[in-house]
Amino acid sequence: MKTIVIALFVIFGATGSAWAQLPRETDDPDSRPCRDTSGINLTLKTTGAYLPGTTIGIRSESSIWAETRDGKNHNRCKNTVEDLPRGKWKWQILERPAQSTSQLAGTNQEAVTLLLDQLGDYKIRFTACPTGCQIPIPDSATLTIDAESRDILVRVLAILPPDASPDIPVFNAQDRSTLPFKPTNPTTVSTHCAGDQGIMSSAWYTVLPWSGPSDYKLLEGRVGASSVSSNDSFLNHDGMDWGMEVTPHPWSRHLMGSNQSDLAVEWERAHLPEKMRPTPGDWISAVGYWIYDCDHDKKTEIHPPVLLAIQRARPISLPTNAGAGSNIYVPGIVTDIWVDREAGDITNSCAYAGLDQQKDPTKPPLVDAQGFPKARCLPDSEGFSSNPIKRVFKFNIYLPRSPQAIMAAIGKTAPQVPLFIEGCVPPGSLALDQPVCEQETAGGVTYLKVTIDLRSYNLPTYSRRIVAGWAHAAPDNWGVRRWNLRVTSLDISDDGDSLLRGDGDWRFWVNTNNGATEWTKLMEGQGNAHGNMTFGGKPWETNAPRCNSAINPGCNRSLGPAIVLFPNQLLQLGTSGFEEDWFVNNSISGISFRLGQRQASGSAVANDGSAKYTLHYQVLPGADIGRAQLSPAARARYDAYVVKNSDLAGGSHGLLLDRVFNSGVSTAKSSSRFGGEAEHDESLPVTRMSVTQLRQLTQRAGQENAAKINAFLQRLKRAVQRAKTAEEKADAHEFLKRLRSAVSSELWQKHGLEADMRVLVKTQ
């Protein structure tokens, strides 16, 4: 638990100049506390074709690292990274076909070779630091790093396996068909931050003037992190944002500011259901307001969006009407689409601290009859009561490379494999409000261009799921397997509340890559987090036993369906959450890492200087999927894709084949290294201000615009009335005592704050 001293510091804050030293919101990962921790970045890559008679290469690209706190500033990190020390590794063949006599060659190197002398499965393990490694830390003690291992399963077939990852078109100046994907450069953004942003003036402005739904922007890119914020201001939020850190594809780079390497997408969690939230590594298409954030180093964002299309590369089960047979699994893309008019307080009720229109320096500012600047908050100032969605939305779904294109890469022709699409209608269909999918090709890459016409749509929300994949069936289903993930307990060592406040009030989620509902809420309530939580002996798990929640409301412990994976794909396990108090919320350390396909029990320590816990988990085999029953047409296509070792000789297709067969990549993300790195940590600066700071803030706001101070006090009054628990009421009462000494008696009486104080005293 946190100490009483820390709790008192949070309550009373610091003194000083309010205007010169206004606290900033801090959801930038660089501003978080550092951890004294270390680990291994471990990646295995293969080169060559998994065909009988070929020799493949397996390379380890590994390093050891440490993150330590600066002795003078615990918010400053010292990062140390070194190559894996020479000889600190071990190669093993764990399994091979019964008649195989092949051995790994070059095991004293970081790269080995292996002759694939038989059809069947070879499993190879690489262990880094098998007896431990030492990493020296500048001006600090040496840290010990424990062993870590990764496995690769090499399935030797006579058929080229399909790609499982989306193939993203890239710009080629010689091929005009790729011109829609021309790369762009980051944008130099003109900002108009007022200095009291997020309190008395807007925290966000549009990058360009916004006049309606046609001015929304489309961002496409890969999600690096997905998590809930831990502290969002009640002055412009109804609840916490769900944030996504996105690396834009080159054609979306113009949406970034010139000082950025990624772009945030944020939406209040109440308006983004769990099943519509992305998992790290997913591809995303986001349509929404293009803004810059005054509190986060003036970074540009899509905030809020009105549409998200989350594209997940997952195994898909083909229905019998796909024509490939029964019990068929192939690589595919599952796209979840969510549209919502609402986004929370950022664009609701025209808050002074909400989203404002970009200022046009060529035009005089809008003022009222008294000469005060008019509120230009969106979407109200443009005549919309909520974020408009009546428009045509367009985005792309990127597919794995087609099996025919893989064969063409080695100079062979093969029959065209049908593209299975579910959830779309073809171009020219009269079905209203349905996604229309057009198959397009650019630079030799096939993708889907999706159009959704909502110009006549009148409901507040819209959701659809599109499933697409090449119907290239195999008798063994390409080695697909089911796995189950269990979270057996959370051993909480710091619940985020002080001793005086009791147990923590957690909102907490777990993330897996099950292809259905990938974020599951485990906890949301008051006083619900403390000590070793075993969930009544019933673990949270995928493929959980069914229960009657009407009879036993607490019986549901489901993390969704079993996780289905092709060889060498990894299970995702992540967490995100926050500890909620009226006065100041606390972050909960997050984790995000991946697990190999083998039965195991383990734990992950989440500790980034905030609420801390150890998560205990299990990986268990799931039900056997069994063999596919191919239709005659699918069997004939499968047989036509046979490749011999001689087909590969003398060609210039090496890089293309390495890409196809690079399914053995396994990147380790240690939970302690990456825990909390994606967490948004937005503070509530006004509640931490001293009397002096509050007086300077309110006096200046009143001098500039009387409407500002009135709007601020109205918002504050609403937040005070939302205080429910005894701790929240005590916090609100303490803050109002300081505020009463900072504002004029006229304002205090006008807004009825004395009555609110009396109510808080009586009900504590």
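The values are calculated or read from the model by the stated rules, or taken from the named source; none is laboratory data. As the structure is a computational prediction, the values presented were derived from the model and not from experiment. In this analysis, Cβ positions are derived from the backbone assuming ideal geometry, glycine residues included, and neighbour counts consider all displayed protein chains. Each accessible area value is taken on the protein alone, full model and side chains, heavy atoms only, with ligands, DNA and RNA left out. Shrake-Rupley method; radii C 1.70, N 1.55, O 1.52, S 1.80 Å.
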message: Students often get this wrong, so check it: of K394/K521; K708/K729; K90/K538, which have C-alpha atoms separated by over 29 Å?
response: K394/K521; K90/K538
- request: Report, by chain and number, residues whose modeled amide H sits under 5 Å from the one on E268, excluding near sequence neighbours (fewer than 5 apart, same chain).
  value: W242
task: List every residue whose amide H lies under 5 Å from the amide H of T184, counting only residues 5 or more places away in sequence or on a different chain, with H placed 1.01 Å from N in the peptide plane.
output: W251, S252, R253, H254
field: Zone of E422's modelled label, taken as backbone nitrogen in segment 610-626 under 19 Å from a point 7 Å along Cα→Cβ
entry: 625-626
- prompt: What order, most packed first, do the peptides 741-749, 206-214, 125-133, 610-618 have when packing is the mean number of other Cβ atoms within 10 Å of each residue?
  reply: 610-618, 125-133, 206-214, 741-749
Probe 1.4 Å, protein heavy atoms only - accessible area per residue of segment 119-264 in square angstrom: 38 Å²
- prompt: Which peptide among 513-521, 713-721 comes first, and what is the full order, when sorted by highest mean count of other Cβ atoms within 10 Å?
  reply: 513-521, 713-721
- request: Rounded to the nearest Å, what's the spacing between the alpha carbon centres of segment 506-562 and segment 461-502? Just the number, please.
  value: 11 Å
- prompt: So if R0 is 41 Å, what FRET efficiency would F384 and F535 give, r being the distance between their Cβ atoms, rounded to the nearest 0.05?
  reply: 0.40
message: Largest first, please: the extent of the C-alpha atoms of segment 466-563 along each principal axis, to the nearest Å.
response: 62, 30, 24
message: What does the C-alpha gyration tensor say about the overall shape of segment 463-510? Classify as rounded when a/c is under 1.5, otherwise prolate if a/b is larger than b/c, or oblate.
response: oblate
Accessible solvent surface per residue of segment 490-638, calculated while the other protein chains remain in place, 1.4 angstrom probe, Å²: 39 Å²
message: Taking the Cα centre as origin and putting +1 on Lys and Arg beta-carbons and -1 on Asp and Glu beta-carbons, what dipole magnitude results for segment 386-458, to the nearest 20 debye?
response: 180 debye
- line: Rounded to 0.05, the calculated FRET efficiency for the beta carbons of S258 and S211 at R₀ = 25 Å is 0.45
message: Can you work out the Karplus-derived ³J(HN,Hα) for every residue in segment 105-111? Use 6.51 cos²θ - 1.76 cosθ + 1.60 with θ = phi - 60°, whole Hz, and x for glycine or proline.
response: 10, x, 5, 7, 10, 7, 10
task: Over 13 Å, how big is the tail of the calculated P(r) for segment 600-649, in percent of all Cα pairs?
output: 77 percent
- prompt: What ranking, highest mean first, results for peptides 95-104, 330-339 when packing means the other Cβ atoms within 10 Å averaged over each residue?
  reply: 330-339, 95-104
task: Beyond 15 Å, what share of the Cα-Cα pairs of segment 322-361 is found? Please give it as a whole percent.
output: 69 percent
- request: For segment 264-354, list log₁₀ I(q)/I(0) at each q in 0.19, 0.23, 0.26 Å⁻¹, using the Debye formula over Cα point scatterers of equal strength and ignoring solvent, two decimals each.
  value: -0.92, -1.16, -1.30
- prompt: What spacing in nm lies between the two simple spin-label points modelled at L430 and V170, each 7 Å away from Cα in the Cβ direction?
  reply: 4.6 nm
message: Tell me the volume per residue, in Å³, of the convex hull enclosing the alpha carbons of segment 86-127.
response: 57 Å³
- prompt: Measuring from label point to label point, each 7 Å out along Cα→Cβ, what is the T142 to T320 span in nm?
  reply: 6.7 nm
- line: Mean projected area, convex hull of alpha-carbon positions in segment 409-495, reported to one decimal in nm², is 13.1 nm²
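For L119 and T441 in one chain, what is 0.36 nm times their gap in residues minus the Cα-Cα distance, to one decimal in nm?
On the way: separation 322, 0.36 × 322 = 115.92 nm, distance 3.51 nm.
In short, 112.4 nm is gained.
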task: Taking just the C-alpha trace of segment 537-647, give me its Rg and Dmax in Å.
output: 21.4, 70
Rg and Dmax [Cα atoms of segment 196-346; Å; Rg one decimal, Dmax integer]: 17.3, 64
- line: Karplus-derived 3J(HN,Hα) from phi for segment 475-487 (6.51 cos²θ - 1.76 cosθ + 1.60, θ = phi - 60°), whole Hz, x at Gly and Pro, runs x, 9, 6, 6, x, 5, 9, 9, 9, 10, 10, 10, 10
- request: Quick one: what are the phi-derived ³J(HN,Hα) couplings along segment 284-299, Karplus 6.51/-1.76/1.60 with θ = phi - 60°, whole Hz, x for glycine and proline?
  value: 9, 10, 10, 10, x, 5, 9, 10, 10, 9, 5, 8, 10, 6, 6, 7
statement: Per residue, the convex hull enclosing the alpha carbons of segment 706-760 has a volume in Å³ of 65 Å³
message: Can you give me the % of accessible surface on segment 428-569 that is carbon or sulfur? Probe 1.4 Å, all protein chains present, nothing else counted.
response: 48 percent
